[in-house]
Amino acid sequence: MRILLFLALALAAALVARSATQQPEPDPAFRAGQLRYPRVRDAYARYQAPVQVLLRRNGLMPERLELFVRAFKLGRRVEVWGRNQGTGPFVLLRTLPLAGTSGTLGPKRQAGDGQIPEGFYAVNRFNAHSEYLLSLGLDYPNAADQLRTAPGLDPGDNIFVHGSTETIGCLPITDAGIRELYVLAVEARAAGQLSIPVHIFPFELTPDQLTRRLQSPHLAFWRELAPGYQYFETHHELPTVTVAATGTYVVR
């Protein structure tokens, strides 16, 4: 079963990689569909104009917007980066507070453990009816999580970036933060970005930080993530991340 899962996920990754080389197709109907929801209309009323100013100030065009989100548990921050689709390095648009946390440092491995995941994810759904105002769903459990989940255990699901300051395993960024990020994400989706990457790290994965945690049971896992963290730090462009049959991340 796991071999079949791995082959299916590898095929999906290849298709995504192939499509990434093509020019994204704009999808303004997505924005129109989202604006049917009162909470989204309210977010646009508050943040559409400021978001337009933010993008122009950074030399970005809404109709070509590409987003990347990066979160750190220590330091409690969520960074929102943007660029014009496929051109040049990402620039930092916003740093939002990670307004609440749960669990400890280390990845999420099963339902009910209270852990916020760590790894390489993507936004795969927009929730305009969230218990926490608005939310952006992540593709947890991803291929790495599923392959590393012990037999018979449930890895859990329904991990979101959302409003409020409360959480059990999700990423709360306050109501103001989720309104602004939701508008940015809808604009990126309407511009044709089908998948918004979200990288979640325990802390800055520098050699010094890892050396301080040589006794951690998560050290080997963090060393898997570190090349992805370092690649973006160096280039401000996204690394290519795949998943081996063992469930380990491979960064190129």
Conditions (1) within 30 Å of residue 49 (Cβ to Cβ); (2) assigned to a loop (DSSP other than H, G, I, E, B) -> residue 214 fails only (1)
Sole miss for residue 228 among (1) within 20 Å of residue 87 (Cα to Cα); (2) open to solvent by 30 Å² or more (accessible area, probe 1.4 Å) is condition (2)
Selection from the stretch 150-168 of residues open to solvent by 10 Å² or more (accessible area, probe 1.4 Å) and either hydrophobic (A, V, I, L, M, F, W, C) or at negative phi (or both) yields 150, 151, 153, 154, 155, 157, 160, 165, 166, 167, 168
Per the filter on the stretch 83-108, residues open to solvent by 50 Å² or more (accessible area, probe 1.4 Å) and of a type outside the set (A, V, I, L, M) are 86, 87, 89, 94, 95, 97, 101, 103, 104
Condition set modelled with pLDDT of 95 or more and either aliphatic (A, V, I, L, M) or open to solvent by 60 Å² or more (accessible area, probe 1.4 Å) (or both), scope the stretch 67-82, selection farthest from residue 170 (Cα to Cα): answer is 67
Screening 181, 171, 147 for residues that are touching a residue at least 12 places away in the same chain (Cβ under 8 Å) and open to solvent by 10 Å² or more (accessible area, probe 1.4 Å) leaves only 147
Note on the stretch 21-66: residues of a type in the set (D, E, K, R), surrounded by 15 or more Cβ atoms within 10 Å (Cβ to Cβ), out of contact with any Pro (no Cβ under 9 Å at 6 or more places or on another chain) and assigned to a helix (DSSP H, G or I) are 31, 39
**Message:** So for the stretch 183-196 (the condition being over 18 Å from the mean Cα position of the chain (by Cα) and among the β-branched types (Val, Ile, Thr)), does at least one residue qualify?
**Reply:** no
Filtering the stretch 109-136 down to residues that are open to solvent by less than 50 Å² (accessible area, probe 1.4 Å), farther than 19 Å from residue 165 by Cα and under 12 Å from the mean Cα position of the chain (by Cα) yields 118, 119, 120, 121, 122, 123
Matching residues in the stretch 40-79 (within 19 Å of residue 236 (Cα to Cα) and in contact with a Gly (Cβ under 9 Å, 6 or more places away or on another chain)) number 10
Being within 15 Å of residue 115 (Cα to Cα) and more than 16 Å from the chain's Cα centre (by Cα) narrows 175, 145, 208, 154 down to just 154
If we keep only residues of the stretch 184-212 that are in contact with a helix residue (DSSP H, G or I) (Cβ under 9 Å, 6 or more places away or on another chain) and either of a type in the set (Ser, Thr, Tyr) or within 19 Å of residue 133 (Cβ to Cβ) (or both), then the residue surrounded by the most Cβ atoms within 10 Å (Cβ to Cβ) is 186
Exercise. Quick one: is residue 221 open to solvent by less than 40 Å² (accessible area, probe 1.4 Å), touching a Gly at 6+ places or on another chain (Cβ under 8 Å), assigned to a loop (DSSP other than H, G, I, E, B) and in contact (Cβ under 8 Å) with a residue 40 or more places away in the chain?
Worked result: no
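The values are calculated or read from the model by the stated rules, or taken from the named source; none is laboratory data. Note that this is a predicted model, so its numbers are computed, not measured. Ideal geometry is used to build each Cβ from the backbone, glycine not excepted, and the neighbour counts take in all protein chains shown. When the accessible area is computed, the model is the full protein with side chains, heavy atoms only, and any ligands, DNA or RNA have been set aside. Shrake-Rupley method; radii C 1.70, N 1.55, O 1.52, S 1.80 Å.
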